[in-house]
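Some notes on the structure that comes next.
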Amino acid sequence: MSKLLSVVTNDRPKLRRTDPIDVAAYLQARIIGQDEALWEIIPFLEMYQANLNPMGRPAGVFLLLGPTGTGKTRTAEVVAEALHGSDRHLLRIDCGEYQMEHEVAKLVGAPPGYLGHKETQAVLSQQRLDAVTSEHSRLSVVLFDEIEKAAPSMQRILLGILDKAFLRTGDNHPVNFENSVIFLSSNLGAREMAEQTRPQMGFAQSQCEVPGDKLHQTALHAVRKRFSPEFLNRIDAAVTYRPLSKEAMTAILEQQLAALQQLVDLRLGTRTVLLRYTAECREFLLKQGISAEYGARELKRTVHRWVLQPLASLVIQKRIPAGRRVEVGYDREEPGTTFKLLR
Ligand SMILES: Nc1ncnc2c1ncn2[C@@H]1O[C@H](COP(=O)(O)OP(=O)(O)OP(=O)(O)O)[C@@H](O)[C@H]1O
Ligand SMILES: [Mg+2]
């Protein structure tokens with residue numbers, strides 16, 4: 001990274017751009033508790049937006065490390081959402097599907113004349129890249145999720161992409177990654193990092209308790225054992241996501257409850273109901289949905305199980321008149337949620 005950019009990163013610039021979209025503000029509002037990681041990524045997105053990204057290489061290549069359920073995959077989704085208006089504009093390669101060498105070959109497709117050429121359209125084709133762009137931006141967001149699961153030959157394919165932003169498919173078509181931002185996510189080192197944070201049972205007490213640098217070094221150590229230096233040298237930033245603090249988890253719960261209200265409004269239309277939550281209910285949902293081990297991964301499912309599903313039963317039994325406010329509480333006798341109509 002240039003000197004200028006590293007100064008900008010360290011100074012944590014205040015949000016300053018609204019044109020074409022303030023990606024920094026968008027990301028920070030949605031990815032909670034990971035500002036250090038976000039500020040490694042944001043300058044590259046801004047360089048692209050300013051049309052000042054270097055030529056002959058992808059707009060940015062990021063290795064996202066750290067414990068499970070802390071927002072690595074979600075970051076790529078939110079970048080796609082910020083640029084294109086929907087997280088569907090993401091080309092996601094689930095590396096768990098490419099554990100065998102012959103599976104990795106599907107990424108570029110078979111050469112003409114080879115058995116199965118017709119059926120094996122390259123997964124990494126120019127059309128697939130273009131399909132995830134939009135009228136808002138030409139930048140495609142590509143996520144290679146859980147790269148440690150892929151067979152070793154995936155590293156060779158990635159080397160070409162990261163180095164020259166270029167790939168040739170089996171049927172000899174060029175694929176250009178200059179207008180792509182590439183995220184590589186990995187759980188390497190997550191077990192060792194969990195050991196370092198384990199003394200803080202339940203929630204990570206505070207994001208400062210285990211120094212970020214120490215977790216980062218642990219993650220990098222595991223990554224260096226697995227990937228070659230040439231590969232790692234082509235990455236713009238390796239960022240380590242932190243275990244989420246209780247404050248961060250609480251903010252994520254609020255996000256999920258707001259998203260649930262949006263869904264209810266959208267689906268019920270004029271019959272919508274306004275959901276309110278007691279403090280005890282919020283605490284219950286947090287306890288159920290969050291653990292130091294799985295991060296925020298279970299939170300959405302918990303909100304579905306304890307709020308959305310019982311609400312759906314009440315709606316089909318016509319027990320909630322349209323337009324009413326409903327208080328979602330916590331039942332201590334029989335642990336679970338309660339629903340009360342408010343005046
Ligand atoms: N920092 C965060 N901010 C907002 N939501 C988050 C955050 N971390 C996790 N979540 C929520 O938890 C879900 C799971 O997170 P995500 O898929 O990003 O985990 P991950 O870090 O990729 O984990 P894994 O290593 O297991 O793949 C997300 O879809 C999102 O709803
Ligand atoms: Mg993930």
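Return the subset of K214/K300; K72/K106; K149/K225; K318/K340; K246/K287; K164/K214 for which the Cα-Cα distance in this structure is over 21 Å, preserving the input order. Please list the in-between numbers first.
Values: K214/K300 30 Å; K72/K106 25 Å; K149/K225 14 Å; K318/K340 14 Å; K246/K287 10 Å; K164/K214 32 Å.
From the list (K214/K300; K72/K106; K149/K225; K318/K340; K246/K287; K164/K214), the Cα-Cα distance tops 21 Å for K214/K300; K72/K106; K164/K214.
Report ³J(HN,Hα) in whole Hz for each residue of the stretch 66-81, in order, from the Karplus equation J = 6.51 cos²θ - 1.76 cosθ + 1.60 where θ = phi - 60°; Gly and Pro get x.
Running phi through 6.51 cos²θ - 1.76 cosθ + 1.60 with θ = phi - 60° gives x, x, 5, x, 10, x, 5, 5, 4, 4, 5, 4, 6, 4, 4, 5 Hz.
Under a 5 Å amide H to amide H cut-off, with H placed in plane at 1.01 Å, what residues pair with F339 once short-range neighbours are removed?
Those lying under 5 Å, H to H, from F339 are G329.
Take every DSSP beta bridge with both residues inside the chain and express the antiparallel ones as a percent of the total, to the nearest 5.
Here the antiparallel bridges make up roughly 30 percent for the chain.
Tell me, what is the FRET efficiency for L274 and A29 to the nearest 0.05, using R0 = 22 angstrom and their Cβ-Cβ distance as r?
Details: r = 22 Å, r/R0 = 1.02.
Once rounded, the FRET efficiency stands at 0.45.
Rounded to two decimals, what is the ratio between the C-alpha radius of gyration of the chain and 2.2 N^0.38 Å?
On the way: Rg = 22.4 Å, N = 343, 2.2 N^0.38 = 20.2 Å.
Compactness ratio reported: 1.11.
What are the semi-axes of the equivalent ellipsoid for the stretch 247-342, taken as the square roots of 5 times the Cα gyration tensor eigenvalues, largest first, in whole Å?
Over the Cα atoms of the stretch 247-342, the semi-axes work out to 23, 15, 11 Å.
Say a paramagnetic label sat at a point 7 Å from the Cα of V123, along Cα to Cβ; which residues of the stretch 153-171 have their backbone N under 20 Å from it?
Flagged as within label range: 153-163, 165-171.
In terms of modelled amide H atoms, which long-range or inter-chain residues lie less than 5 Å from the amide H of V61?
I182, D236, A237
HN-Hα J couplings of the stretch 325-338 from phi, Karplus 6.51/-1.76/1.60, θ = phi - 60°, integer Hz, Gly and Pro as x?
8, 10, 9, 9, x, 10, 9, 6, 4, 10, x, x, 9, 10
Using amide H atoms built in the peptide plane, which far-off residues or other-chain residues are under 5 Å from L275 H to H?
V326
If you stretched the chain out fully between A251 and E103, how much longer would it get, using 0.36 nm times the residue separation minus the C-alpha to C-alpha distance? Please report the intermediate quantities before stating the final value.
Values: separation 148, 0.36 × 148 = 53.28 nm, distance 3.98 nm.
Here the segment from A251 to E103 would lengthen by 49.3 nm.
If we sort 121-129, 50-58 on the protection proxy, mean other Cβ atoms within 10 Å, highest first, what's the order? Provide the component values of the computation, followed by the final result.
On the way: 121-129: 16.7, 50-58: 12.8.
Final packing ranking: 121-129, 50-58.
Whole-Hz ³J(HN,Hα) for each residue in the stretch 156-171, computed from phi via Karplus 6.51 cos²θ - 1.76 cosθ + 1.60 with θ = phi - 60°, x for glycine and proline: what do you get?
5, 5, 5, 3, x, 5, 5, 7, 10, 6, 9, 8, 10, 6, x, 8
Read-outs throughout are calculated quantities, based only on the coordinates presented, and are distinct from any laboratory measurement. Model, not experiment: these values are computed from the prediction. Reconstructed Cβ throughout: ideal geometry from the backbone, glycine too, with neighbour counts over all protein chains shown.
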